[in-house]
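Here's the structure we're looking at; comments come further down.
The values are calculated or read from the model by the stated rules, or taken from the named source; none is laboratory data. Only a predicted model underlies this, so the values are computations on that prediction, with no experimental measurement involved. Please note: Cβ atoms are built from the backbone with ideal geometry, for glycine as well, and neighbour counts cover all protein chains shown. Ligands, DNA and RNA are excluded from the accessible area calculation, which covers all protein heavy atoms including side chains. Shrake-Rupley method; radii C 1.70, N 1.55, O 1.52, S 1.80 Å.
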Amino acid sequence: AGARLEVTGDTFRQMAKPLADELVADLDREHSSEIDYLYNEQLQLRAELERVVQLMQQVEASRPTALPVEVDASRRMVPPGAPRSRAAPPVAAAGDQDGIRESRPADT
């Protein structure tokens with residue numbers, strides 16, 4: 001008669017232990033690799049953010065001098081005595097070109 005292999009809980013554990021250890025080692029390597037990648041990405045993002053902050057500070061530092069210069073230039077473009085109204089300029093009527101009405105003879 002044939003020999004019968006008896007499988008018990010201990011046998012399963014003996015067979016599964018090396019596989020479980022290999023699985024845990026693979027997961028640990030993958031986890032460490034992912035953590036390293038995320039850490040390096042975070043360092044790169046922080047460096048980029050620092051460059052953006054410096055750029056914004058440079059733009060902000062130049063802004064207080066640039067704005068008054070632009071305002072003064074726009075004030076010089078307005079002729080003296082021009083109204084300081086914020087209303088839109090009048091729209092030329094039909095037949096006007098550049099705000100100058102064409103003269104036409106009256107119909108009789």
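What to note about this one:
- All of (1) open to solvent by less than 100 Å² (accessible area, probe 1.4 Å); (2) modelled with pLDDT under 90; (3) small (Gly, Ala, Ser) hold for Ala25 with one exception: (2).
- Residue-level analysis places Gln14 among those that are surrounded by 10 or more Cβ atoms within 10 Å (Cβ to Cβ) and modelled with pLDDT under 95.
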